[in-house]
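The values are calculated or read from the model by the stated rules, or taken from the named source; none is laboratory data. Keep in mind that what you see is a predicted model, and the values were worked out from it rather than measured. Cβ coordinates were reconstructed from backbone atoms using ideal geometry, including for glycine residues, and neighbour counts include every protein chain displayed.
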Amino acid sequence: MDKVPMTQAGFNALEKELKNLKSVERPAVIEAIAEARGHGDLSENAEYSAARERQSFIEGRIKELEAVISAAQIIDVQSLSGDIVKFGATVVVYEEETDTEIKFQIVGAYESDADNGKISITAPMSRALIGKSVGDIAEVQTPKGRRHYEILMVMYI
């Protein structure tokens with residue numbers, strides 16, 4: 001797996017999720033499987049099937065997280081500075097069409113959360129902004145057509 005860029009906060013969140021899956025979720029699902037086995041015929045046991053499905057999901061997610069964590073390239077955002085947009089930047093843009101300002105941080109794909117203002121480095125908006133600086137206009141193709149965003153502020157916090 002290639003290096004996976006992420007912030008320290010994103011790395012910490014993945015480690016926390018992995019720890020929870022291994023120490024809480026995995027033992028709970030093993031217990032649920034054992035309990036469901038005690039109910040008799042496994043071929044018609046919905047609890048057993050659901051528990052096995054949950055176990056499969058948990059084990060898959062554990063493998064995925066272990067791979068991502070081992071390939072993580074942690075970027076210290078606070079050590080970065082300047083007014084050029086790059087990974088880790090918190091950017092404020094202005095969209096003239098809707099007369100709105102939008103603030104978000106550009107983060108790794110595994111830590112993106114649009115509802116909390118964190119967009120993936122691979123998102124069209126991020127790709128359009130990378131390398132631009134305050135005052136530049138970024139053009140982004142969206143499902144609603146082309147949008148233009150003026151970069152008002154770039155921060156590394």
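Computed values, structure above
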| item | result |
| --- | --- |
| Count - residues of the range 26-84 that are among the hydrophobic types (A, V, I, L, M, F, W, C), in a helix (DSSP H, G or I) and under 24 Å from the mean Cα position of the chain (by Cα) | 8 |
| Meets criteria (among the hydrophobic types (A, V, I, L, M, F, W, C), touching a strand residue (DSSP E or B) at 6+ places or on another chain (Cβ under 9 Å) and without any contact (Cβ under 8 Å) to a residue 60 or more places away in the chain) for ALA114 | yes |
| In the range 119-157, residue surrounded by the fewest Cβ atoms within 10 Å (Cβ to Cβ) [restricted to those that are of a type in the set (D, E, K, R) and either touching a residue at least 24 places away in the same chain (Cβ under 8 Å) or more than 25 Å from ALA9 (Cβ to Cβ) (or both)] | LYS144 |
| Single condition ALA51 does not satisfy, out of (1) modelled with pLDDT of 95 or more; (2) more than 15 Å from VAL4 (Cα to Cα) | (1) |
| Members of the range 85-105 found to be exposed (fewer than 15 other Cβ atoms within 10 Å of the Cβ) and not in a loop (DSSP other than H, G, I, E, B), listed by number | GLU95, THR100, GLU101, LYS103 |
| Test: residue in the range 61-77 that is within 22 Å of GLY10 (Cα to Cα), of a type in the set (Val, Ile, Thr), in contact with a Lys or Arg (Cβ under 8 Å, 6 or more places away or on another chain) and crowded, with 16+ Cβ neighbours inside 10 Å | yes |
| Residue in the range 26-37 that is touching a helix residue (DSSP H, G or I) at 6+ places or on another chain (Cβ under 7 Å), without any contact (Cβ under 8 Å) to a residue 40 or more places away in the chain and of a type in the set (Val, Ile, Thr) present | yes |
| Selection count, the range 134-157, where residues are out of contact with any Ser or Thr (no Cβ under 9 Å at 6 or more places or on another chain), among the aliphatic types (A, V, I, L, M) and assigned to a strand (DSSP E or B) | 4 |
| Hits in the range 38-57 (condition: buried (at least 17 other Cβ atoms within 10 Å of the Cβ) and of a type in the set (A, V, I, L, M, F, W, C)) | ALA51 |
